[in-house]
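The structure appears right after this line, and notes come after that.
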Amino acid sequence: MAETTREEDAIRLVVERLKSAFGATHSPAEVEEAVAKAHATFAGRPVREFVPVLVERRARIILREAAGCPDR
């Protein structure tokens, strides 16, 4: 249970960072949707330690693509 709480806390921080980073081009709801979409790809995976980092990377790609920016 503590692992889930840590992951949830980390995902909330990811959302806040991405809202700040993409606030000029995306609404808060779009950022939350991108993070949720990225997070869903890791559902059921047994190793959870790096999920927040991977979610942030994937969500950044989703948001850049939605804005028409190439992936960096």
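The values are calculated or read from the model by the stated rules, or taken from the named source; none is laboratory data. All values derive from a computational prediction rather than experimental measurement. Cβ sites come from the backbone with ideal geometry, for glycine too, and all protein chains shown count toward neighbours. To get the accessible areas, we keep the full protein, side chains included, count just its heavy atoms, and leave off ligands, DNA and RNA. Shrake-Rupley method; radii C 1.70, N 1.55, O 1.52, S 1.80 Å.
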Quiz prompt | Qualifying positions in the range 1-42 - open to solvent by 70 Å² or more (accessible area, probe 1.4 Å), assigned to a loop (DSSP other than H, G, I, E, B) and more than 17 Å from Ala66 (Cβ to Cβ) | solution = Met1
Quiz item: So is Lys19 in contact with a His (Cβ under 9 Å, 6 or more places away or on another chain) and of a type outside the set (Gly, Ala, Ser) or not?
Solution: yes
Exercise. Among the residues of the range 43-55, write down those that are surrounded by fewer than 13 Cβ atoms within 10 Å (Cβ to Cβ) and assigned to a helix (DSSP H, G or I).
Key: Val53
Quiz item: Restricting attention to the range 58-69, which residues are loosely packed, with under 14 Cβ neighbours inside 10 Å and assigned to a helix (DSSP H, G or I)?
Solution: Glu65
